[in-house]
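A.B. asks: What follows is a single structure, and I will ask about it in a moment.
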Amino acid sequence: MTAHDWYIEHRVDFVARTLDSDDEASFADHVRRCDECKAAVQIIERDLAWLPMGALPVRPRPGFRHQIVRNVIGDSRPAWRRWVVPTALAASLLIALGLYVPERRESDRLARALATRTGELMSLRDSLSVMRQAARVLQASISMNGREGGLLIFADDVSHRWNVVVHGLPPAPPGESYQFWFICADGMVRGATITSEPGKPAFLTLGMPAQGGTVMGAALTMEPKSNRSPEPRGKELAHLML
Amino acid sequence: MSADADRSLGRSRPAGASAGDGGRFAILQGKELRQRLIARDEQALVELIEVATPWLLGVTHAMLSDESDAEDVVMQTFSIAWNRIGIFRDDGWDLLPWLLRIARNRAIDRLRSRRRHQMKTKLIETLGGLDERVTPAPEPNEAAQPGWHVHETVKAAIGALPDDQRTAIRLAYFQGLTQSEIAEHLAIPLGTVKTRLRLAFDKLRVSLATVKDWNL
């Protein structure tokens with residue numbers, strides 16, 4: 001028996017894969033080199049091609065066929081085909097987001113600016129209405145550090161509000177501030193602290209104080225910031241009586 | 001082969017004609033489906049999966065005795081087929097036998113690489129009989145399964161073998177055992193196993209010649 005006889009004898013075993021692993025590897029190597037055995041093996045393979053149909057068919061579980069389709073087609077699609085739609089969607093979203101975010105920021109900024117301007121306009125209208133409806137106007141001149149300024153009060157008896165204008169005064173020294181007071185029947189009542197900016201008059205619209213009784217007049221003092229008392233302690237700059 | 005088997009095979013039909021069990025199996029006939037697959041027709045793949053899956057599961061399930069592994073191998077089989085259909089040569093192989101061969105080889109590889117055959121041998125012992133089937137029992141409508149007539153023909157061919165040869169074939173071909181493993185399992189000489197298998201395969205090659213010529 002020659003070595004080749006062994007291969008001839010085991011051709012069908014090779015096709016049926018009943019050889020042990022070493023013999024199978026040896027046979028596979030031989031078939032690659034031996035055309036005669038290769039042709040014979042192909043004939044046997046064809047002869048036994050339908051033999052696996054001897055096994056009973058097994059009904060696939062529900063959804064398994066669909067899973068195969070998804071798996072096979074998903075695996076085999078070129079990478080660009082698998083990713084092109086999600087990538088395009090993602091890119092579209094990014095572009096839309098890229099356009100939306102700055103637009104939204106600009107829109108928010110404009111809305112805030114508009115609200116601020118609207119508030120300022122309403123405040124000015126309100127101040128103007130107090131001035132236009134004022135029943136009385138009180139004025140006092142103030143001289144400070146060589147500058148000539150003044151305190152102007154528009155008293156609206158209908159809305160019971162005053163529009164107070166302080167003009168021409170230098171900025172308050174460090175540690176001090178301009179303080180407006182109401183002169184009431186029961187004494188002085190703290191009004192508002194006024195911030196003076198060079199070259200710009202200060203406008204305030206004040207309601208009448210709830211305490212102290214009838215308002216009889218107003219005063220402006222240069223008050224130490226440390227003074228938290230209800231009574232003025234600083235220098236009086238103006239004093240006006242209704 | 002019996003007369004019934006002959007009739008069920010429909011040997012008198014022209015190649016490409018539909019079998020008596022419906023036209024779905026006929027889609028595996030001829031080159032039309034193959035050409036559609038080569039053209040990457042996904043509907044053709046769906047049709048192939050529809051018809052071939054039960055048979056592939058039958059082979060892999062019988063060999064692996066594990067539903068998950070069997071499904072995995074079938075999945076791989078279709079992936080391989082879909083990716084290699086372009087280089088699938090018209091050398092006498094039809095689609096279903098080609099798929100069955102891929103599936104069986106994959107199942108054997110998996111069986112051996114995981115040394116599952118040892119578990120398998122124990123399982124066969126547990127079942128207590130060599131003719132016990134590890135495949136699921138036939139379902140009531142299996143006769144309507146496309147390709148059922150081919151199964152009946154193959155089954156008849158195997159059934160016509162002497163008991164000892166039939167046993168050897170079942171263990172070797174349908175349960176993936178090697179000759180040595182069969183010898184060990186049956187406690188008989190290796191030479192006896194080889195002889196039984198050789199005789200059985202020789203008979204089957206003759207019996208299945210008609211199926212081979214049936215151009216599915």
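The values are calculated or read from the model by the stated rules, or taken from the named source; none is laboratory data. Nothing here was measured: the structure is a model prediction, and the numbers come from that model. Methodologically, a virtual Cβ is constructed for each residue, glycine included, from the backbone with ideal geometry; neighbour enumeration extends over all protein chains shown.
A.B. asks: What residue, of A:Gly212, A:Gly149, is out of contact with any Asp or Glu (no Cβ under 8 Å at 6 or more places or on another chain) and small (Gly, Ala, Ser)? Before you say what the answer is, go through the steps one by one.
C.D. replies: Details: A:Gly212 fails: out of contact with any Asp or Glu (no Cβ under 8 Å at 6 or more places or on another chain).
Matching residue, one of A:Gly212, A:Gly149: A:Gly149.
A.B. asks: Return yes or no: is A:Glu236 assigned to a loop (DSSP other than H, G, I, E, B) and acidic (Asp, Glu)? Walk me through it before giving the result.
C.D. replies: Working: assigned to a loop (DSSP other than H, G, I, E, B): no; acidic (Asp, Glu): yes.
It is false that A:Glu236 is assigned to a loop (DSSP other than H, G, I, E, B) and acidic (Asp, Glu).
A.B. asks: Sort out which residues of the range A:2-27 are within 30 Å of B:Gly147 (Cα to Cα) and either more than 12 Å from every other protein chain (Cβ to nearest Cβ) or part of a helix (DSSP H, G or I) (or both), and write them in order of number.
C.D. replies: Of everything in the range A:2-27, those that are within 30 Å of B:Gly147 (Cα to Cα) and either more than 12 Å from every other protein chain (Cβ to nearest Cβ) or part of a helix (DSSP H, G or I) (or both) turn out to be A:Arg11, A:Val12, A:Asp13, A:Phe14, A:Val15, A:Ala16.
A.B. asks: On to the next question. Based on what the data block shows, is B:Glu184 of a type in the set (Asp, Glu), part of a helix (DSSP H, G or I) and surrounded by fewer than 15 Cβ atoms within 10 Å (Cβ to Cβ)? Walk me through it before giving the result.
C.D. replies: Values: of a type in the set (Asp, Glu): yes; part of a helix (DSSP H, G or I): yes; surrounded by fewer than 15 Cβ atoms within 10 Å (Cβ to Cβ): yes.
So B:Glu184 passes the test.
Residue-wise test of (1) free of Cβ contacts under 8 Å to residues at least 60 places away in the same chain; (2) loosely packed, with under 15 Cβ neighbours inside 10 Å; (3) in contact with a Lys or Arg (Cβ under 8 Å, 6 or more places away or on another chain); (4) under 19 Å from A:Val137 (Cα atoms).
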| residue | (1), (2), (3), (4) |
| --- | --- |
| A:Pro174 | yes, yes, no, no |
| A:Met188 | yes, no, no, no |
| A:Pro198 | yes, yes, no, no |
| A:Gln211 | yes, yes, no, no |
| A:Val215 | yes, no, no, yes |
| A:Thr221 | yes, no, yes, no |
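A.B. asks: Could you check B:Arg101 against (1) modelled with pLDDT of 90 or more; (2) over 21 Å from A:Gln67 (Cβ atoms); (3) in contact with a Lys or Arg (Cβ under 8 Å, 6 or more places away or on another chain) and say which number it fails?
C.D. replies: (3)
A.B. asks: Within the bounds of the range A:28-38, is there any residue that is at pLDDT 90 or above, in a helix (DSSP H, G or I), buried (at least 20 other Cβ atoms within 10 Å of the Cβ) and of a type in the set (A, V, I, L, M)? Walk me through how you get there before you give the answer.
C.D. replies: So the first thing to find is which residues in the range A:28-38 are at pLDDT 90 or above, and the list is A:28-38.
Add one more test, that the residue is in a helix (DSSP H, G or I), and what stays is A:28-33, A:35-38.
Subset that is buried (at least 20 other Cβ atoms within 10 Å of the Cβ): none.
So far as the range A:28-38 goes, no, none of its residues is at pLDDT 90 or above, in a helix (DSSP H, G or I), buried (at least 20 other Cβ atoms within 10 Å of the Cβ) and of a type in the set (A, V, I, L, M).
A.B. asks: Taking the range A:46-71, which residues are more than 47 Å from the chain's Cα centre (by Cα) and either assigned to a loop (DSSP other than H, G, I, E, B) or more than 7 Å from chain B (Cβ to nearest Cβ) (or both)?
C.D. replies: A:Leu48, A:Ala49, A:Trp50, A:Ala55, A:Leu56, A:Pro57, A:Val58, A:Arg59, A:Pro60, A:Arg61, A:Pro62, listed by residue number.
A.B. asks: Name the residues in the range A:175-190 that are of a type in the set (Gly, Ala, Ser) and either touching a Phe, Trp or Tyr at 6+ places or on another chain (Cβ under 7 Å) or part of a loop (DSSP other than H, G, I, E, B) (or both), would you? Before you say what the answer is, go through the steps one by one.
C.D. replies: Within the range A:175-190, the first condition is being of a type in the set (Gly, Ala, Ser), and the residues that meet it are A:175, A:177, A:185, A:187.
If the condition is that a residue be of a type in the set (Gly, Ala, Ser) and either touching a Phe, Trp or Tyr at 6+ places or on another chain (Cβ under 7 Å) or part of a loop (DSSP other than H, G, I, E, B) (or both), then A:Gly175, A:Ala185 are the ones that fit.
A.B. asks: Then there is this: Within the group B:Gln165, B:Gln179, which residue is within 9 Å of chain A (Cβ to nearest Cβ), surrounded by 20 or more Cβ atoms within 10 Å (Cβ to Cβ) and more than 18 Å from B:Pro97 (Cα to Cα)? Spell out how you get there, then give the answer.
C.D. replies: Working: B:Gln165 fails: within 9 Å of chain A (Cβ to nearest Cβ).
Only one candidate qualifies: B:Gln179.
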